[in-house]
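What follows is a single structure, written as structure tokens, with notes after it.
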Amino acid sequence: MITTLHKKISYHVRRIGIDVISRFLGNNWLLRDRPGKCILLYHGIDYVGQTDINGRFISAQLFEKQLDFLQTHYNLVSLSDLLSNKTDQNRMNIAIVFDDGYRNNLQLALPILEKKQIHGTFFVTAINDTQQPMLWADYLDLASNLNTGNIVVAGVTYNKKNGTYQNPDGVSLKNMCKTHNWAFKKQVYSAFPIIKDFINEEKWEIYWKNLSDEEIIKLDKSDYASVELHGYYHENLGVCTHEEAIKLISKSKTYLENLLEREIKNIAYPDGSYTRELVQYCSEIGLKNQYAVDYLFPEDVNDSRIHSRLTLNPFTNLSHQAWAILNNKY
């Protein structure tokens, strides 16, 4: 508890300090040469940056502004070039990646990447191979935003407090989902009575609609995009049994390879959840490059098969984002 509080205080003090210095010196002090590598992770792109619906989204305008900044001051490379050390040894090298496989990646993000000739890697799920209408986290975000009454999941009542659904112990439903397997998450889809109220409304589609099979193929054919694997249901593989996890990985790999008619060699773990046993299994079945968010185990740091990524923070300004890229933390 004390450690968490200390981290929060340090984070806010650092942000204030960066803002003050940047106000007087501009961003040049953040742009000094600092050789290194960074995999910068995005999720969704919309028109207005409506983060109250999905806190992982930014607007197309902001995305383009960020790319302009990064392209001017750093060395933007493809993910494959970053891993194979085809980089500038005197600069910060950045690869752009997207998780989750939203249709807006094709409609809004790709045209900007193509215009600026920047390569992006898009990690998609096999949700099209399931009976689910959308990823569980997107359903929960939208349903929580639109629903007001109490809901029941696995026999436990969740009340809406400060915009999120919490159990009697104050734990959010989203955090409960992250620590439980697919059998628990699946119950969320039937807990809210309003799915038909928004699934057919076009105005919400940008926040949950995933790429169709045809759109995944189209995205992968762009000279400035490549498609890789992001699990089956977007399940938290680290909390599944090992047998369940390897089954889901195998099914998702087969789905994507059949769709794209090529071998898939990269996997980004959904929600950054994995085990050391999964790292070994994925390596054995040809997933030679694996991506976390933060490393979860001490030995990961020296394991060339797995790589950390820095998730873009939609709630921070460009100065602090630049500092985070150089220091690989917020």
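Within the range 251-261, does at least one residue satisfy the condition of being assigned to a loop (DSSP other than H, G, I, E, B) and modelled with pLDDT of 95 or more?
So far as the range 251-261 goes, yes, one or more of its residues are assigned to a loop (DSSP other than H, G, I, E, B) and modelled with pLDDT of 95 or more.
For (1) surrounded by 15 or more Cβ atoms within 10 Å (Cβ to Cβ); (2) in the same structural domain as residue 127 (by TED's automatic domain parsing); (3) of a type in the set (Lys, Arg); (4) under 21 Å from residue 78 (Cβ atoms), each residue gets a yes or a no:
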site	(1), (2), (3), (4)
221	no, yes, yes, yes
227	yes, yes, no, yes
230	yes, yes, no, yes
240	yes, yes, no, no
243	no, yes, no, no
251	yes, yes, yes, no
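Can you tell me how many residues in the range 57-113 are outside any loop (DSSP other than H, G, I, E, B), of a type outside the set (A, V, I, L, M) and under 22 Å from residue 313 (Cβ atoms)?
20
Within the range 188-215, can you find the residues that are in contact with a helix residue (DSSP H, G or I) (Cβ under 6 Å, 6 or more places away or on another chain), within 24 Å of residue 96 (Cβ to Cβ) and not in a loop (DSSP other than H, G, I, E, B)?
Within the range 188-215, 210, 213, 215 meet the criteria.
Considering only the range 114-134, I want to know if a residue exists there that is at pLDDT 95 or above, in a helix (DSSP H, G or I) and under 16 Å from residue 208 (Cβ atoms).
Yes.
When the residues of the range 42-57 are narrowed to those that are out of contact with any Leu (no Cβ under 6 Å at 6 or more places or on another chain), in contact (Cβ under 8 Å) with a residue 24 or more places away in the chain and of a type in the set (A, V, I, L, M, F, W, C), which ends up farthest from residue 139 (Cα to Cα)?
57
Please work out which residue is surrounded by the fewest Cβ atoms within 10 Å (Cβ to Cβ), limiting yourself to the range 280-302 and to residues that are touching an Asp or Glu at 6+ places or on another chain (Cβ under 8 Å) and farther than 15 Å from residue 250 by Cβ.
Ranking the candidates gives 293 first.
Looking only at the range 223-250, how many residues end up being assigned to a loop (DSSP other than H, G, I, E, B) and in contact with a strand residue (DSSP E or B) (Cβ under 9 Å, 6 or more places away or on another chain)?
Total meeting the criteria: 4.
Among the listed residues 277, 228, which satisfies the condition of being of a type in the set (D, E, K, R) and farther than 23 Å from residue 138 by Cα? So that I can check it myself, show each step before the final result.
Working: 228 fails: farther than 23 Å from residue 138 by Cα.
Just one listed residue meets the conditions, 277.
The values are calculated or read from the model by the stated rules, or taken from the named source; none is laboratory data. Quick caveat: nothing in here was measured; it's all calculated off a predicted structure. Neighbour counts run over all protein chains shown; Cβ positions are idealised from the backbone, glycine included.
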